[in-house]
1. Among the residues in segment 249-257, are any small (Gly, Ala, Ser), over 26 Å from Glu348 (Cα atoms) and within 19 Å of the chain's Cα centre (by Cα)?
2. Filter segment 300-313 for residues that are more than 30 Å from Arg254 (Cα to Cα), near the ligand (Cβ under 9 Å from one of its atoms) and touching a residue at least 24 places away in the same chain (Cβ under 8 Å) and give the result.
3. Within segment 260-274, which residues are open to solvent by 10 Å² or more (accessible area, probe 1.4 Å) and either more than 9 Å from the ligand (Cβ to nearest atom) or without any contact (Cβ under 8 Å) to a residue 12 or more places away in the chain (or both)?
4. Being in contact (Cβ under 8 Å) with a residue 60 or more places away in the chain and among the small types (Gly, Ala, Ser) is the filter here; which residues of segment 33-71 pass it?
5. Hey, any hits in segment 241-259 for a residue that's touching a helix residue (DSSP H, G or I) at 6+ places or on another chain (Cβ under 8 Å), open to solvent by less than 10 Å² (accessible area, probe 1.4 Å) and within 12 Å of the ligand (Cβ to nearest atom)?
6. Name every residue in segment 111-127 that is assigned to a strand (DSSP E or B), open to solvent by 10 Å² or more (accessible area, probe 1.4 Å) and of a type outside the set (D, E, K, R), in order of residue number.
7. Working only within segment 364-402, note down all residues that are touching a residue at least 60 places away in the same chain (Cβ under 8 Å), in a loop (DSSP other than H, G, I, E, B) and touching a helix residue (DSSP H, G or I) at 6+ places or on another chain (Cβ under 9 Å).
8. Scan segment 195-235 for residues that are open to solvent by less than 20 Å² (accessible area, probe 1.4 Å), out of contact with any strand residue (DSSP E or B) (no Cβ under 6 Å at 6 or more places or on another chain) and small (Gly, Ala, Ser) and jot them down.
Amino acid sequence: MSTTAFYLLVLALTVMAAGTSLEADAEDFNYDESKVPAYKLPDSLVMQDGTPVQDAETWTTQRRPELLELFREHVYGRLPGRPEGMHFEVAEEDSQMLGGKATRKKIVIHFSDQPDGPKLTAVSYLPNKRSGPVPMFVGLRLFDRNLEYPAAGRHVTSRDAETKKNVVPTGFEKLPGEKVIETILDQGYGITSLDPADFVPDDKETWDESLIQWFEPEKEKRAPDMGKAIASWAWALSRTLDYFETDKDVDAKRVIVVGHSRMGKTALWAGAQDERFAIVISNNSGCGGAALSRRIFGETVARINTVFPFWFCDNFRRYNGRESDLPVDQHELVALVAPRPVYIASAEEDGWADPQGEFLSAVGADPVYQLLGVEGLGTATLPRVNQPIGGHIGYHLRVGQHALADYDWLRYLDFADRHLSK
Ligand code: GTR
């Protein structure tokens, strides 16, 4: 065989192998702990040039900014900051929601001074029983804002019986989600939800016909470290926090950013970058969220970049099948929240998101919390199911499937009560 023919054969085999493994069903990925490769995590407390980080000052002024840059450059991408001319409009306010218990506000966040420029609508529920500004949960798709009576976002990834494929959640299960919202309000918190469809849709076909074109209209000019969907969703959470700073009903110093699954990845990235978020909560965030990439358990970097090519920056694709070359791993994303409280939650039957890998990220972030003088997770042993643990790093492994369930919400309320004086 000639050299050219040999290379063509190798190329064809590689393409075929990639095609089969990446489009294969989730079942074909590794769920066997004994098959997790040996790996060495980057040390959060060592600078890229090898200098050890021995005090809080070095962490805050050197290592933290260095890690943020690495995540921007290699994983989530960069976006501009707060835009000039941004302004807010309370488009609707109804104080008779949920049987008179809640006020709903629809807030239009205009990203420019042009009335028909890019914008999004945030929907907030505030408890009417309040004596001052309330602490606020905020996230994307936390409830269906089109319903009169909001159902908390409980989207469950289900499995199609015939094709055996995971069905990507698009809607909300109208389960007792209302109850959760009522409980949140009864405990004195507000809740705000954004819809990605407003500004960068969670859709492979249309994501680009959006705010992305406002960030950089010319495709050819888009750098491989330009932020895409997850970066834009996180950006929008920070813009919503800009709004909270102007709302007298909201305590902008007690805002809790929370998200499930892809929006859990987003909550972590938003909270890592924007230190104004008081608490960060990642629910079943998995690959590109809390789960360690190097474990290659469940969803992999190659798979996520292939099926969702619009979530992370293009540079992240360099690590398809080369997780160990990443200059960071996800425990360092959790560590970027320190010393603020962070909660990582997993579900027992959610192998795709690698519960053990999510737990190990929390363990891996612990030394940074200790360096900063607060109690982090405090253990390296995976707790039993439904056994919340931790100090400023909270963790639980819930029984059941991939979902943002009532059990999770109740733990987040406990955690917020513990860490935010009301
Ligand atoms: C899956 C994806 C996961 C997770 C999940 C979800 O299809 O592979 O990374 O984000 O969707 O958002 O529910």
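The values are calculated or read from the model by the stated rules, or taken from the named source; none is laboratory data. What you see is a predicted model, and the numbers here were worked out from it, not measured in a lab. Here the Cβ is made from the backbone with ideal geometry for all residues, glycine too, and neighbour counts use every protein chain on show. Accessible surface is based on the protein model in full, side chains and every heavy atom, while ligands, DNA and RNA are left aside. Shrake-Rupley method; radii C 1.70, N 1.55, O 1.52, S 1.80 Å.
1. No, segment 249-257 contains no residue that is small (Gly, Ala, Ser), over 26 Å from Glu348 (Cα atoms) and within 19 Å of the chain's Cα centre (by Cα).
2. Arg303, Val307, Phe308
3. Gln273, Asp274 - these are the residues of segment 260-274 that are open to solvent by 10 Å² or more (accessible area, probe 1.4 Å) and either more than 9 Å from the ligand (Cβ to nearest atom) or without any contact (Cβ under 8 Å) to a residue 12 or more places away in the chain (or both).
4. Ser44, Ala56
5. Yes, there is a match, as at least one residue in segment 241-259 is touching a helix residue (DSSP H, G or I) at 6+ places or on another chain (Cβ under 8 Å), open to solvent by less than 10 Å² (accessible area, probe 1.4 Å) and within 12 Å of the ligand (Cβ to nearest atom).
6. Hit for segment 111-127 is Thr121, nothing else.
7. Passing the criteria: Leu372, Gly373, His402.
8. Listed by number, the residues that qualify are Ala229, Ala231, Ser232, Ala234.
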